[in-house]
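Okay, structure first, notes after.
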Amino acid sequence: MTLCLQENILSSQDAQLKAKEERLTQTSAALNGASERVAKLEGELEAVKQGREEMAVRIHELEESLATKESMITYLSKQVIDSEGGSKQMIQEIALLRDGNSKLEAELVGMKCDQEDLEGRLKVAEDALASKETAITQLNKKLEESEGLSKLMSHEIQVLRKNNTKLDADYHEKQRALGSLAGKAGGLETELRDKTALIARQQELIANLGEKGAQMESRKESLDREVDDLKMRLRDVNSEFGKANEIIRKLQEDGRQMTHKLKCQVRHLGVDNS
Amino acid sequence: MGELSGLGLELKEMIGLIGRQQDLISSLGEKGALLDERKETLSKEVEDLRNNLNAVSSELTKANDIIQKLQEEGSQLSRKLKTQVK
């Protein structure tokens, strides 16, 4: 009964342990995913920053080039004005320079637009990064808590495993003892069956002996009665025999007396006749 | 463990019962042997008594015959004596 209870407690503890381990694994996986996303955002932010710096350099270069060309145009215009009409070639050159300048200005406007766009994206990315950093901070806090919890759980797991090992050893020892007891019980049961059969045979034998004894007792009583009867009859016959002997003796005596009397009378008659 | 103790106790009681029954069987066997012996003695005694009774009966028959013969002889002598007296 105690072993069964211990096994139930152990199973319950194992299930709780597995659930906690699963939750920890899920938290770690979520933290890893968040860290990867943050790393990716940081990479993107770095690329955006680099693009912005490149763009600023390029704008600076363009602004410098534009300033140079404007000063050149100014200078050339001055030269043209100074040369009162200038040469046709110079006018064409100025026109080309003005076209180039217009293109550069358009390019500069486009690049400024791009820069604004990039700055907007950078702002969004920075906001996202700040949000992610907050999330990372929270996740780190949770991770620390989880790690603390994990340590506690690891300790608990070790204690439970130790306890489990002890319970397992105890269980196996009890199983062995139970096996041994079952063997003994089997032996005792066999012996009990044998003894029960022996008792049944003995009781049968006792019943037979009792029956035989009763028959013999009855036969003995019958023989006793027969002996008494025969003895009585023998006594009667002996008595009769005695009486018969007495009668014989008496008859013989009578016979003798009569014979004697007869002889006397015969003699007396013989004397008378003579 | 309790069941095992119960089995042990039951076995002990059975062994005691077997011993008592064995004693009873021995006692009944001895009594049977005595009764057998007594039966033999009585049978022999009955046979002797029957033989005796037969012998005595035979003797009694002979005695009766003798008596009858003696009575006849007495009657004859008595008749003879009466005749002579007349």
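Scanning region A:207-228 finds no residues that are out of contact with any Lys or Arg (no Cβ under 9 Å at 6 or more places or on another chain), surrounded by 16 or more Cβ atoms within 10 Å (Cβ to Cβ) and more than 30 Å from B:Asp36 (Cα to Cα). Just to verify a result, which residue in region A:193-227, among those that are β-branched (Val, Ile, Thr) and over 52 Å from the mean Cα position of the chain (by Cα), is nearest to B:Ile25 (Cα to Cα)? It comes out as A:Ile206. Small (Gly, Ala, Ser) and more than 10 Å from chain B (Cβ to nearest Cβ) - does that describe any residue in region A:190-200? Yes, region A:190-200 has at least one match. Within region B:55-70, the set of residues being surrounded by 14 or more Cβ atoms within 10 Å (Cβ to Cβ) and hydrophobic (A, V, I, L, M, F, W, C) comprises B:Val56, B:Leu60, B:Ala63, B:Ile66, B:Ile67, B:Leu70.
Being loosely packed, with under 15 Cβ neighbours inside 10 Å and at pLDDT below 90 narrows it down to one of B:Glu73, B:Glu3, so name that one.
Residue meeting the stated conditions: B:Glu3.
Condition test on B:Leu70, is it under 18 Å from A:Leu205 (Cβ atoms) and within 7 Å of another protein chain (Cβ to nearest Cβ)?
Numbers: under 18 Å from A:Leu205 (Cβ atoms): no; within 7 Å of another protein chain (Cβ to nearest Cβ): yes.
It is false that B:Leu70 is under 18 Å from A:Leu205 (Cβ atoms) and within 7 Å of another protein chain (Cβ to nearest Cβ).
Do the conditions hold for B:Lys80, that is, is it assigned to a helix (DSSP H, G or I) and at pLDDT 90 or above?
So B:Lys80 fails the test.
So which residues in region B:9-30 are among the small types (Gly, Ala, Ser) and over 15 Å from A:Ile206 (Cβ atoms), if there are any at all? The one that is among the small types (Gly, Ala, Ser) and over 15 Å from A:Ile206 (Cβ atoms): B:Gly16.
Could you list, in sequence order, all residues of region A:9-34 that are among the small types (Gly, Ala, Ser) and modelled with pLDDT of 75 or more? Full working, then the answer.
Here is the first cut: in region A:9-34, the residues among the small types (Gly, Ala, Ser) are A:11-12, A:15, A:19, A:28-30, A:33-34.
Hits for region A:9-34 are A:Ala15, A:Ala19, A:Ala29, A:Gly33.
The values are calculated or read from the model by the stated rules, or taken from the named source; none is laboratory data. Small disclaimer: the values here were computed from a predicted structure and weren't measured. Reconstructed Cβ throughout: ideal geometry from the backbone, glycine too, with neighbour counts over all protein chains shown.
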